[in-house]
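The numbers here are math on the coordinates, done by the rules we state, and not lab data. Note that the structure is predicted; figures quoted are calculated from it, not measured. Counting neighbours? That spans all protein chains shown, and the Cβs are built from the backbone with ideal geometry, glycine included.
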Amino acid sequence: MLLNRIWHQLEVLSWQQTEDAASRHPKNYPDLWLPDFMESLKPKHEKELESHDLDDIKSILSRPRQSVTVKPNEQES
């Protein structure tokens, strides 16, 4: 596993020197190879993102806010 991770980091370092990595939307990021029994350990690079235009953001920020009451910590002396 250690050699596998070292190899992956070397691939990432060499990928960082390519035009793909320097572009505004990087692509072809090297995948970490893991044996089938270790697939659950594979890091997730894909994040769930939502795209909004300026009007959406303005409407979200203009929504009424709810007041929050903070209770004092009961354990403080």
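Brief remarks follow.
- Efficiency of FRET between Ile60 and Gln9 - r from beta-carbon atoms, R0 25 angstrom, step 0.05: 0.05
- Prolate/oblate/rounded label for segment 1-41 (Cα gyration tensor, a/c 1.5): oblate
- 3J(HN,Hα) from dihedral phi, segment 5-10, Karplus parametrisation 6.51/-1.76/1.60, rounded to Hz, x for glycine, proline: 5, 4, 4, 5, 5, 5
- Packing here is the average count of other Cβ atoms within 10 Å per residue, and on that basis the peptides 62-72, 3-13, highest first, run 3-13, 62-72.
- Phi angles across segment 20-31 convert, under the Karplus curve 6.51 cos²θ - 1.76 cosθ + 1.60 with θ = phi - 60°, into 3J(HN,Hα) values of 4, 6, 7, 6, 5, 10, x, 9, 6, 4, x, 7 Hz, Gly and Pro given as x.
- HN-Hα J in Hz across segment 55-70 - Karplus 6.51, -1.76, 1.60, θ = phi - 60°, x for Gly and Pro: 5, 4, 5, 4, 5, 5, 6, 8, 5, x, 8, 9, 7, 10, 9, 9
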